[in-house]
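Heads up, the thing below is written out as structure tokens.
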Amino acid sequence: MAMTLPSRAAGRGVLSEIDVTPLVDVTLLLLIIFVVRTPMLQRGTDVQFPGAEQSGPKEEERITINLTREGRLDVNNQEVPRASLRYRLIAMTRNRERVVCFRGDAQAPYGLVIEVMDALKAAGIETVGMITERPPAPLRPEGRAGSTPGSATTRSRQP
């Protein structure tokens, strides 16, 4: 007599799915913990600050040079003759960081811009920030600069 073992397939099927119920339980528990804990983190410590006569941040001392299209120079909104620009900058930057912001009119003569840059270099200023305006965004996207769809520059020649 031969003895046979009962097979597993005869009694029940193979379970191939993962039970996600514990995962959902843990996720909801973590969500509840974060929802309760977050308002506690946003609350700060109450501190009383002492008073001071000189409180408040110092105003930034920037040097801004404006060049108009007529050739007029303004240093921090005060008109300065071109001949004395270098000496004025040397006096203003003594014992300070030597950084200047330059705003020149688009129609200003190029020679005047070079003259201002030369005065900046002579005053020992090596960092110059150029203040510009961003051009308005185009109304429609264009492929190449200066070309429109269907123009002679975008058509291909046929032999």
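Listed values, structure above:
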read-out: Environment charge at Ala123 (Cβ cut-off 14 Å; Lys +1, Arg +1, Asp -1, Glu -1); value: +3
read-out: Along each principal axis, Cα extent of segment 63-130, largest first, Å; value: 34, 19, 18
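Read the figures in this text as sums done on the coordinates, not as results from a lab. Source: prediction; values computed, not measured. For neighbour counting, all protein chains shown are included, and Cβ atoms are generated from backbone atoms with ideal geometry for every residue, glycine included.
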